[in-house]
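Asker: Just dropping this structure here.
All of the numbers you see were taken from the coordinates with simple rules; none came from a lab. Just so it is clear, the structure is predicted and the values come from calculations on it, not from any experiment. Neighbour counts are summed over all protein chains in view; Cβ atoms, including those assigned to glycine, are modelled from backbone coordinates with ideal geometry.
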Amino acid sequence: MMMLTKLKNATEELHREIEKDNIAGLIISNEISLEDYKLLLLQNYIAYSITEPAIAKYLNHYKIQKSPRLLKDLDQLGIICTPPPQLKEMFRIINKAEALGAAYVVEGSALGGMMISKQIPNCAALSNIQSHNFFNGDRENIKSWNAFSKFLKKQEFTALEEIQAIDKAKGTFLFFGEVFRTIRQVS
């Protein structure tokens, strides 16, 4: 079984659980308020600003793309953000296998982001926002996922590295869930 499939199967249920508590669902239902949207951007910025640099330390080709786009959105809305130190301390990567597991989660989020971006024009509370940098619907986001998938398929894993990658993918989903639970308001 390919590593991509192993990661998907190992994290599928956890992914669903984390999504249930995510306010992005309010975009899908077109019921999101501007305050909830600001909170969603803030939560995602904090999660990506911590995970992306950790991944980049172990994957030479990895581009930090999501957190800078989120920061543009937050700046546009007048929100200043510094990730809380306790959350920064919660997420660590110690090797390439873990980086690949975390990148699976971070890069895979582009698929959900595309779905969400298609609903933004239908959200009345977001109609005054000039541009969306993170939920932008840009096909480049999918290209990044496709490139990562191809890269992952070429990687060889020992049995231990498979376990490390899968455990870190799970841990990354749990970390995102912890960020969503911890960050409950825009200050």
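Asker: Which residue pairs have Cβ atoms under 6 Å apart, sit 6 or more places apart or on different chains, and have a first residue in segment 47-58 that is surrounded by fewer than 19 Cβ atoms within 10 Å (Cβ to Cβ) and a second that is of a type in the set (Lys, Arg)?
Answerer: So the pair list comes out as Tyr58/Lys96.
To keep it simple, each residue is scored yes or no on (1) in contact with a Phe, Trp or Tyr (Cβ under 8 Å, 6 or more places away or on another chain); (2) part of a loop (DSSP other than H, G, I, E, B); (3) hydrophobic (A, V, I, L, M, F, W, C).
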{"position": "Pro68", "(1), (2), (3)": "no, no, no"}
{"position": "Ile94", "(1), (2), (3)": "no, yes, yes"}
{"position": "Glu98", "(1), (2), (3)": "yes, no, no"}
{"position": "Gln130", "(1), (2), (3)": "no, yes, no"}
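Asker: State which residue pairs qualify: first residue at negative phi and loosely packed, with under 14 Cβ neighbours inside 10 Å and inside segment 4-33, second residue basic (Lys, Arg) and part of a helix (DSSP H, G or I) in any location, beta carbons under 9 Å apart, and separation of 6 or more residues or different chains.
Answerer: If the second residue must be basic (Lys, Arg) and part of a helix (DSSP H, G or I), the pairs left are Asp21/Arg181.
Asker: Applying the selection to segment 76-96, what residues are aliphatic (A, V, I, L, M), farther than 26 Å from Ala165 by Cα and in contact (Cβ under 8 Å) with a residue 24 or more places away in the chain?
Answerer: Matches in segment 76-96: Leu77, Ile79.
Asker: Just give me the residues in segment 149-187 being of a type outside the set (Gly, Ala, Ser) and more than 24 Å from Glu17 (Cα to Cα), in sequence order.
Answerer: Across segment 149-187, the qualifying residues are Lys150, Phe151, Leu152, Lys153, Lys154, Gln155, Glu156, Phe157, Thr158, Leu160, Glu161.
Asker: So which residues in segment 155-171 are in a helix (DSSP H, G or I) and surrounded by 11 or more Cβ atoms within 10 Å (Cβ to Cβ)?
Answerer: Matches in segment 155-171: Glu161, Glu162, Ile163, Gln164, Ala165, Ile166, Asp167, Lys168, Ala169, Lys170, Gly171.
Asker: For segment 132-149, give me each residue that is surrounded by fewer than 14 Cβ atoms within 10 Å (Cβ to Cβ) and assigned to a loop (DSSP other than H, G, I, E, B).
Answerer: Arg139
Asker: So, one more: Among the listed residues Leu174, Leu152, identify the single one that is in a helix (DSSP H, G or I), crowded, with 19+ Cβ neighbours inside 10 Å, touching a Leu at 6+ places or on another chain (Cβ under 8 Å) and on the phi < 0 side of the Ramachandran plot.
Answerer: Leu152
Asker: Another question, then. Going through segment 117-128 one residue at a time, which ones are part of a helix (DSSP H, G or I) and surrounded by 15 or more Cβ atoms within 10 Å (Cβ to Cβ)?
Answerer: Ser117, Gln119, Ile120, Ala125, Leu126 - these are the residues of segment 117-128 that are part of a helix (DSSP H, G or I) and surrounded by 15 or more Cβ atoms within 10 Å (Cβ to Cβ).
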